[in-house]
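What follows draws every value from the coordinates through simple rules; no lab data is involved. In this text, all values refer to a predicted model and were calculated from it rather than measured experimentally. Glycine also receives a Cβ, built like all others from the backbone with ideal geometry; neighbour counts cover every protein chain displayed.
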Amino acid sequence: MAIEWLRCGHHVYVVSTWMESLAACTMLYHLLLQTVKTQQSAGVSPGQPHLLQYDLDGGVDVEKAVNELSQAASGGSLYVIADEVGNNYSLDYRISNFQTLCELLLKRFPRLHLWAASCFHDYAPTGWQVEYLTRPLRSPPTVVREVEQDGRITRDRQVLPYSERGVPDHTDGPPVTRLYHPGQGHSGRRPGECVTCGREVASFLHSLRVSVTGRSTTTSTTFTSTSGGTTPTCLKWRDVLVLYWDYVSDHLGVVTGLQKAGIPVRVMKDDDIDDVVTARSDVVWVASGHRVRGLERKVVVCLEDPDYDIFRSKSLQLYNFNTARLDLMSRCTSQLVIVSTDDKPLEGD
């Protein structure tokens, strides 16, 4: 819809409602900028996209958002796109603040055009039209089977279960690769703390022949599952994400292990959002899962944390923790790598 609005000459406001929606909204903003350039080259005079960032958690930004959007609106019409508007295990005020924002905008702008998206299904204001998009079209069946075991799907019902894909699966996808920590030569309680885990992840990435000299520079990679394993085509470093449920830093052991193995790796900081979203730098990004909601990569390395269950019962009702399946594994569109703390299958979070 945003592309159609731009084509009609309207200004489109991409609104990030909290920190963890910024990556997805930034990606949408850049995609719309590309659309504008394409339309301009074709002789069309489109509208312009604008990226606005707010934090609705405290409630103060609700009024700020309404006022700024009111000043930007033209002729009583307003065009808004908001992605990843809901967070997991949110406090009630976070939900109500987004709903309040929607209702206030509707009162001021009878010709309000607002589209919002969330993987959680309790965020729509009462009476607003809702569509449920549950077909798993982005990830192969091998990845879908891992994600759909998440407790927020199977137990808490905060996320609707997948429906049938509706199109034939030409391949099941590359088998999930599982690496294990601890073991001989490993250190630290968590895989993220372990240099050896970083080396083993690097070894696997090298086995995929990532960025081998002489290969095409295209990033349109296709994996095919064969009797001999997986065959990546034209895979680049930028096609890889290493994700952790906790906050990450340059001092993580897994980062050191990747570096020592010759992997061009960078740890995602606040000011790296544009670079990560556009995949501008040909590097492997290491990031906390909550910072990359809405982004996808062909290869995703998921670092399990054995301490997750320790904090779960006490803290998840107050704080926003990630689960490995829904928040990390779902970012994968082809090859999933899971680094576990033992050789038992990862249980639903």
Could you work out how much longer the chain between A72 and Q184 gets when fully extended? Use 0.36 nm per residue separation minus the Cα distance between them, nm to one decimal. 34.3 nm
Contour excess over end-to-end distance, with Cα ends at E131 and V44 and 0.36 nm allotted per residue: 28.2 nm
Are there any chymotrypsin sites (Phe, Trp or Tyr not before Pro) in the stretch 133-218 that are in a DSSP loop and have at most 13 other Cβ atoms within 10 Å? List them by number. none
Please give the peptides 278-291, 41-54, 324-337 ranked by average Cβ packing (other Cβ atoms within 10 Å per residue), highest first, as a rough proxy for protection. 324-337, 278-291, 41-54
Highest mean first, how do 248-256, 190-198 rank when packing is the count of other Cβ atoms within 10 Å averaged over residues? 190-198, 248-256
May I ask you to order 144-154, 102-112 by the average number of other C-beta atoms within 10 Å around their residues, highest value first? 144-154, 102-112
Computed over the stretch 167-206, the relative contact order (Cα-Cα under 8 Å, seq sep at least six) in percent reads 25 percent
